[in-house]
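Here's the structure, in structure tokens; my notes come after.
Taken together, the values in this text are just the output of simple stated rules run on the coordinates, not laboratory data. Because the structure is a prediction, the values reported are computed rather than measured. Glycine gets a Cβ as well: all are built from the backbone with ideal geometry, and neighbour counts include every protein chain shown.
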Amino acid sequence: MSFKLPDLPYERSDLEPRVSLRTMDFHHGKHHQTYVDNLNKQIAGTKFEGDTLETIVTESEGGIFNNAAQVWNHKFFFDSFSPSGGGHPQDELARAIERDFGSFDKFREEFSRAAVTLFGSGWAWLVKTSKGTLDIIQESNAGNPIRRGFSPVFTIDVWEHAYYLDYQNRRPEYVKALWEIVNWPLVSSRF
Ligand code: MN
């Protein structure tokens, strides 16, 4: 069994103008596809062949880990947005954000700072800890919080390939635009 590029829950042009069709063609069609293809090549004939993606992300190292985590991270990231998104989280996640960050605005500010200040390529994550609290963490490169025992709730990809075509070096503008398309009902369902 080999891994396949996951479908998006919207059309590639649907997130315009915040994320252009051109960016989505490269990001989903080229980058995400390449991680899938490389993962399939690299696990062939290894003990990871036939394992779930989560198992490979948790237990592998080196190139297999990098590609497996990037496959997982990108699906999680792309699924988090919707052309009708924006606004605020719901229900229990909304209450937990107020409890752990003070307010939604403070959370958004702190998460944006984590995304903007992450040096080089990587991911900013909102995670649920084993105690049920929320935390914001930065991961470099393909880093994935499930390896540290956290449950991911939301993420922003800050690799330059995620925003360079639309925003060039203006990462803060890209991060700001993404808040306007977050699919909060979906994100809240992960909490
Ligand atoms: Mn990416």
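Just name one of A114, T155, N169: the one whose Cα is farthest towards the positive end of the charge dipole of the chain (beta-carbon charges, Lys/Arg +1, Asp/Glu -1).
A114
Computed FRET efficiency, Cβ-Cβ of K4 and H31, R0 22 Å: what is it to the nearest 0.05?
Efficiency, rounded to the nearest 0.05: 0.90.
What's the Cα-based Rg to Rh of the stretch 21-79, Rh via Kirkwood?
Ratio of gyration radius to Kirkwood radius for the stretch 21-79: 1.00.
Work out how much length R190 to S121 would gain on full extension: take 0.36 nm times their residue separation and subtract the Cα-Cα distance, in nm to one decimal.
22.4 nm
Only helices at least 20 Å long along their axis, Cα-based, and averaging 0.0 or more on Kyte-Doolittle count here, so list those DSSP H runs from the chain.
62-78
Roughly what would the spin-label model give for E59 and N141, points 7 Å off Cα along C-beta, in nm?
2.2 nm
When only C-alpha pairs under 8 Å and at least 6 residues apart count, what is the relative contact order of the stretch 21-79, in percent?
Once normalised by length, the contact order is 38 percent.
Grab the eigenvalues of the alpha-carbon gyration tensor for the stretch 92-189, scale each by 5, take roots, and send me the semi-axes largest first in whole angstrom.
Output for the stretch 92-189: semi-axes of 22, 16, 11 Å.
So what's the chain giving for Cα Rg divided by 2.2 N^0.38 Å, two decimals?
1.00
Quick check: residue separation of A44 and E98 times 0.36 nm, minus the Cα distance between them. What number comes out in nm?
Contour length minus the Cα-Cα distance gives 14.8 nm.
Pick from G63, G45, G149 the residue whose mean-square fluctuation is largest in a GNM of the chain, springs joining Cα atoms under 10 Å.
Among G63, G45, G149, the largest GNM mean-square fluctuation belongs to G45.
For the stretch 105-177, which trypsin sites (Lys or Arg not before Pro) pass both filters: DSSP loop (anything but H, G, I, E, B) and at most 10 other C-beta atoms within 10 Å?
K131
Report the chymotrypsin sites (Phe, Trp or Tyr not before Pro) located in the stretch 43-141 that are in a DSSP loop and have at most 15 other Cβ atoms inside 10 Å of their Cβ, or state none.
Sites meeting the loop and neighbour criteria: F119.
So which lysines can K4 reach, going by Cα to Cα under 22 Å and dropping same-chain residues fewer than 8 places off?
K30, K41, K47, K75
Can you pull out the GluC sites (Glu not before Pro) in the stretch 55-99 that DSSP calls coil and that have at most 10 other Cβ atoms within 10 Å?
Here the sparse-neighbourhood loop sites are E61.
Treating cross-link reach as a plain straight distance, find the lysines whose alpha-carbon is under 24 Å from the alpha-carbon of K131, omitting any fewer than eight places away in the same chain.
K106
To the nearest 20 Debye, how big is the dipole of the chain about its Cα centre, given +1 on the beta carbon of each Lys and Arg and -1 on that of each Asp and Glu?
240 debye
How much mean residue ellipticity at 222 nm does the chain get from its helices, if each DSSP H run of length 4 or more adds -39500 (n - 2.57) and you divide by all residues, to the nearest 500 deg cm²/dmol?
One gets -12500 deg cm²/dmol as the mean residue ellipticity at 222 nm.
Set the Förster radius R0 to 25 Å, insert the Cβ-Cβ distance between L165 and S130 as r into 1/(1 + (r/R0)^6), and round the FRET efficiency to 0.05.
That pair, L165 with S130, gives E of 0.05.
Cα convex hull of the stretch 1-113: how many Å³ per residue?
Normalising the Cα hull of the stretch 1-113 by residue number yields 143 Å³.
What is the stretch 1-151's relative contact order, in percent, from Cα pairs under 8 angstrom and six or more apart in sequence?
Relative contact order here is 19 percent.
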